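Trainee: Dumping the structure here so I can ask a few things about it.
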Amino acid sequence: MASAHAADSPDDLPSTSVDDELIGLDPDDPETRAFAAHLDRMRREHPTYTVEGSLAGVSDFADSANRAGGLRRQGAVLIVVLILLGAGAGVWYSLGDIIATLFD
């Protein structure tokens, strides 16, 4: 049966866990929306023991690095470059061992 409420009634909107912190703030204000998104990210928990959880953590890191500016962004870029250099060195040495084993 159809509801007597309008489709965009506040009762029909999903309730978020940050509603208590946002009481009295304008929901249409961009700063309020950014703060609500920040609180949502802080309270979100991903299972880190799965591939999806690990990828979600990488995604959160990439999103925060893209939002950052100045020295924080440079630090995030440095971390990514160091991780890629480490992975590249591991692959290089592994390929060297494989080739040495095959042609020895």
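The values are calculated or read from the model by the stated rules, or taken from the named source; none is laboratory data. Since the structure is predicted, the reported quantities are computational estimates derived from the model, not experimental observations. Note that each Cβ is placed from the backbone with ideal geometry, even for glycine, and that neighbours are counted across all protein chains shown.
Trainee: Would you kindly identify the helices (runs of 4 or more DSSP H) lying entirely within segment 28-104 that contain at least 3 residues that are in contact (Cβ under 8 Å) with a residue 40 or more places away in the chain, out of contact with any Leu (no Cβ under 8 Å at 6 or more places or on another chain) and not acidic (Asp, Glu)?
Mentor: Values: elements: 30-43, 51-67, 71-102.
Hits in segment 28-104: none.
Trainee: Counting only residues that are over 30 Å from residue 41 (Cβ atoms) and within 32 Å of the chain's Cα centre (by Cα), how many does segment 64-104 have? Explain how you work it out, then say what you get.
Mentor: Filtering segment 64-104 down to residues over 30 Å from residue 41 (Cβ atoms) leaves 88-104.
From what is left, the residues that are within 32 Å of the chain's Cα centre (by Cα) are 88-94.
Residues flagged as over 30 Å from residue 41 (Cβ atoms) and within 32 Å of the chain's Cα centre (by Cα) within segment 64-104 amount to 7.
Trainee: Here's a follow-up. Consider residue 54 carefully, then state whether it is surrounded by 12 or more Cβ atoms within 10 Å (Cβ to Cβ), among the hydroxyl-bearing types (Ser, Thr, Tyr) and at pLDDT 80 or above.
Mentor: Here the answer is no, as residue 54 does not meet what is asked.
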